[in-house]
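Everything on this sheet refers to the single structure shown next.
The values are calculated or read from the model by the stated rules, or taken from the named source; none is laboratory data. Nothing here was measured: the structure is a model prediction, and the numbers come from that model. Methodologically, a virtual Cβ is constructed for each residue, glycine included, from the backbone with ideal geometry; neighbour enumeration extends over all protein chains shown. Areas reflect the complete protein model, heavy atoms only, side chains present, ligands, DNA and RNA absent. Shrake-Rupley method; radii C 1.70, N 1.55, O 1.52, S 1.80 Å.
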Amino acid sequence: AVVSTQSTGECDTCTWYPVSEGEEGLKLKITHSHTVSSLAWHASGKYLAVTMRDSPSCAVLIHNIQTGTSQKPFNKSKGLVQQVAFHPNKPFFFVLSQRYVRVYNLVKQAMVRKLVCGVKWASCMAVHPKGDNVIVGSYDKSLIWFDMDLSTKPYKSLQQHKKAVRDVCFHPRLPLYSSVSDDCSAIVTHGMVYDDLVKNPLIVPVKVLRAHKAGSKYGVLSNVFHPNQPWLFTGGADGDIWLYV
């Protein structure tokens, strides 16, 4: 049975399904008319945002897990949406397109900031746990750090990878971030953000990790830190998942 089928304005339909008793471990199923290219959880766990790059009219959807409803935050997306993210403690919503990061206030339904990446094609994004710093990876090998308290332009641009950057992530508790690339490497970097706004972020590369096998045109596709420990998980196009401790 279908819980609800929804169409938000001109948006393509998404369908919420109940979970059958035989599907152990599965709590919710939402189908979309186009391929979901990325997703992002709100810190509260109440909202899930998805992007659909192939959808001409509905590139971004936000699902309310508690109410079982979906909404389209924008009438029309500006640029080709690569990834989205929620601010950890403010009603801000980050939307990464090919060359910009647009920051929206969801309560006021207005754009409050536009970060200029300065790259040919951005690929991925991560928001610092404190919410005022953003890192962006690109297909042209760059890694861009934004300090939104300083400027809408990059605070620092790093060229650490030899091929396209596929994913970036911050550690939720420790001053670390990681980036992974088609060069089959994961680079862990010390990224300290200070409460004193006079001090600029401190960025120091720590370790280059190599375990995934080369072969296809893709390398390491995703990475995520353990919520408490200084452990890093990576997933590659070779079909392997590695844990670094």
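Within region 109-129, the residues that satisfy the criterion of being out of contact with any Asp or Glu (no Cβ under 6 Å at 6 or more places or on another chain) and either charged (D, E, K, R) or without any contact (Cβ under 8 Å) to a residue 40 or more places away in the chain (or both) are Gln109, Ala110, Met111, Val112, Arg113, Lys114, Leu115, Val116, Cys117, Gly118, Trp121. Comparison of Gln71, Gln82 shows that the only residue that is touching a Leu at 6+ places or on another chain (Cβ under 9 Å), surrounded by 14 or more Cβ atoms within 10 Å (Cβ to Cβ) and within 30 Å of Lys153 (Cβ to Cβ) is Gln82. Within region 25-46, the set of residues being among the basic types (Lys, Arg) and surrounded by 13 or more Cβ atoms within 10 Å (Cβ to Cβ) comprises just one member, Lys29.
Results for (1) over 18 Å from Pro88 (Cβ atoms); (2) among the β-branched types (Val, Ile, Thr); (3) open to solvent by 20 Å² or more (accessible area, probe 1.4 Å), shown as yes or no for each residue.
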position: Leu176; (1), (2), (3): no, no, yes
position: Ser179; (1), (2), (3): yes, no, no
position: Ser185; (1), (2), (3): yes, no, no
position: His190; (1), (2), (3): yes, no, yes
position: Tyr194; (1), (2), (3): no, no, yes
position: Leu202; (1), (2), (3): yes, no, yes
position: Val206; (1), (2), (3): yes, yes, yes
position: Gly215; (1), (2), (3): yes, no, yes
position: Asn228; (1), (2), (3): no, no, yes
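Of all the criteria given as (1) in a strand (DSSP E or B); (2) open to solvent by 50 Å² or more (accessible area, probe 1.4 Å), the one not satisfied by Gly235 is (2). The set of residues from region 47-68 being open to solvent by less than 40 Å² (accessible area, probe 1.4 Å) and over 21 Å from Phe170 (Cα atoms) comprises Met52, Ser55, Ser57, Cys58, Ala59, Val60, Leu61, Ile62, His63, Asn64, Gly68.
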